[in-house]
1. Tabulate in residue order the Karplus-calculated ³J(HN,Hα) for region B:203-214, using 6.51 cos²θ - 1.76 cosθ + 1.60 with θ = phi - 60°, rounded to whole Hz; enter x for Gly and Pro.
2. Every other copy gets compared here: list the nm distances from the B:S235 label point (7 Å along Cα to Cβ) to its counterparts, shortest first, one decimal.
3. Within 10 Å of each Cβ in A:136-143, how many Cβ atoms from other chains are there, averaged over the peptide?
4. Just to confirm the number: angle between the C-alpha axis of helix B:265-278 and the first principal axis of chain B, 0 to 90 degrees, nearest 10?
5. Restricting to bridges with both residues inside region A:246-393, how much of the DSSP beta-bridge set is antiparallel, in percent to the nearest 5?
6. Relative contact order (percent) for region A:112-192, with alpha-carbon contacts under 8 angstrom and 6 or more residues of separation?
7. Normalising by the residue count of region B:240-317, find the relative contact order in percent from Cα pairs under 8 Å and 6+ residues apart.
8. Just need the Rg to Rh number for region B:87-138, please, alpha carbons only, Kirkwood Rh.
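A short reminder: the numbers here are calculations on the coordinates, not readings from a lab. Since the model is a prediction, treat every value here as computed from it, not as a measurement. For neighbour counting, all protein chains shown are included, and Cβ atoms are generated from backbone atoms with ideal geometry for every residue, glycine included.
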Number of protein chains: 2
Amino acid sequence: MSTHKGRGVHVLGAGVTKFGELWEDSFRTLIGQAGLAAVKDAGIAGDDIDCLYVGSMSAGRFIGQEHVGALVVDEAGLADNRIPATRIEAADASGAVALRQGYLAIRSGEADVVVVGGVEKMTDVMDQEQTNTLAAALDQEWEAFYGATFPGVHALMAQEHMRRHGTTREMLAAVAVKNHEAGARNKKAAYPFTITMDQVLRSPMVADPLRMLDCAANVDGAAAVVLCSDEIAASSSAKPVRILASAQASDRFALADRADITSFAATRAAADLAYRKAGVAPADVDVAEVHDAFTIAEIMALEDLGLYEKGAGGKAAQNGLTSLSGEMPVNTSGGLKARGHPPGATGLAQVAEIVAQLRGAAGERQVRDARIGLAHNVGGSGATAVVSIFGRE
Amino acid sequence: MSTHKGRGVHVLGAGVTKFGELWEDSFRTLIGQAGLAAVKDAGIAGDDIDCLYVGSMSAGRFIGQEHVGALVVDEAGLADNRIPATRIEAADASGAVALRQGYLAIRSGEADVVVVGGVEKMTDVMDQEQTNTLAAALDQEWEAFYGATFPGVHALMAQEHMRRHGTTREMLAAVAVKNHEAGARNKKAAYPFTITMDQVLRSPMVADPLRMLDCAANVDGAAAVVLCSDEIAASSSAKPVRILASAQASDRFALADRADITSFAATRAAADLAYRKAGVAPADVDVAEVHDAFTIAEIMALEDLGLYEKGAGGKAAQNGLTSLSGEMPVNTSGGLKARGHPPGATGLAQVAEIVAQLRGAAGERQVRDARIGLAHNVGGSGATAVVSIFGRE
């Protein structure tokens, strides 16, 4: 492997807290729990850790705290080790972007063991302030200021996708039903129960055509992973999973500036690069966690990731193709929909699920003989996307 | 050079906006101006850029905008290139922490040309909200909630430094006077004029012993640099400057948890590592930009960086040692004090000054035959510190 290829990077361990409205937990205790779980799972000691990355979308507004890298390294008991701690923010892609920075730190040769955490504590903030803060992931000056909200822009995408690609109201609902089927088997999920098609279709309208049960609810939670170099992975008794690629891409910030709102260009670009770097094709993917902030977003993700043809994403869930026992299991954790969506944590909770699947440790949710897994995390209305591909070792 | 040493990284260009209360400029236009200036200075084209990093402390609270990486890549006209854009937050060390991520991206081999920008737009926010937001760089739960402010915690440090090390009120004032002497020669500075010792000593009390003219004022502004690999630097007609090391370290978050508040342990750790990686000693440093958010902070920085013995930092400015014509010129740009302090931009404005000095392009502020330069950026009350060392090529 040449210098320019960089070193290999592996996930040595992962940890996820219970997601939900966690009144007894704070930002600090949540990230502490997830980090500790990941470190235990990896079988490393605190002194092995070379640096920390923390993904969080809006600690400044949700808990009045910036500088959360410093907070986390202290909470972890590692401040006296003087290791760097860096906070990454990319709206609800913060977790995956943080993962990629940890990946780059190891590839650069400046670190051998990196802990990457993601966290959001937001349910004890008033509803209107939550909505306004989430809209800060959109273009504040040209979208949010004029009243655009997160569900609103996704409703526009859904309308156009239905008009151009024949996607139906029932296809959207099938995504929610399918993800709750998987999520009912995930004890960490905020909403670990099944729902029916009828319930989705009768749930209150949020932004036409999206109803309440089309929307992933924002909750509290944290997730963390331990990354390591080839040398550390080779000598570990944990079950490492190899990161075959981690690619990030951008799109025009405001929806109005995009040529096509039925597709995320950033997802397509990140996927193309990730497949190329990993040397795998969409058909090689055995299990995927994709960013279903809204049911329409999962349908677009399936198409943008090349898992299904454009316009075929809507039928995938309806026809059972993406269920746990389908040909292409998607969101086996329950996805953002059933697991809940703490913006900073989601990208790393996805990685934790893929790691469990590739280790064969996903219990009732296990996909048979999963060898290649993919995680897809989106920021805001798609201006940032990260696609990471993982391989069983 | 072995794989583990990674590739060399160079600064190919730098740009800084005017700092100040910039009512005619927005977050967008400021970072755009700085980025464009840096790209022009580097002599590169937009299509050469592999990724962006943006340091910003609290865009969420100051301008209601998170996800600012996506905003900046779009404003730069590079969204259609799909390149990754990542926002870094580490309070007022955001700029230098972003620089270090750009440095790691090149060392990892995943990028050859990286633009790193830092920006804050904050003066059009009410005074009390500014103070509260800046206090979000401290421990919100254990410090800010009980009324601690940014000047307040630095006043505690100053009191203890005076008690234990004999530092006097006049020594503090001499730092401000000295930095304004240099800043008066910097057209980009927010406060490009000289002040007298008497003016400092008679300025309104903020937090005993710190008076108004001991405090760096927070302003609007942006700065950016272009980083590149060895190959690009070798073939460039710009005057590249080599990054010999960039090291980041952490300390306990709350002041009450530190054994000694007259010193920043994170600065000491980052400096030790940076000197070691760069293979230089403090005595080799020809020019330094240090984080003088308050006059006491520059005195502590001189000591923690090993430029002066503990307890000798106070006399350095008073005796003219750290002035433009002194033995160890510090804050030749005017420092945070005279240049003004936009938290996200400061760390990169420091780098721009060091680059100008090592290129021999600092005009009236030029330090003769500067070969080794150091930049020192601190987050909050010292829980994060970054020390980067640069060498003339």
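1. Here the 3J(HN,Hα) series is 6, x, 5, 9, 8, 3, x, 7, 9, 3, 7, 8 Hz.
2. Relative to the other copies, B:S235 has label-point distances of 4.0 nm.
3. Neighbouring Cβ atoms belonging to other protein chains average 5 per residue here.
4. The two axes meet at around 40 degrees.
5. Bridges in region A:246-393 that DSSP calls antiparallel: roughly 75 percent.
6. Relative contact order here is 13 percent.
7. Reported relative contact order: 28 percent.
8. With Rg and the Kirkwood Rh in hand, the quotient comes to 1.14.
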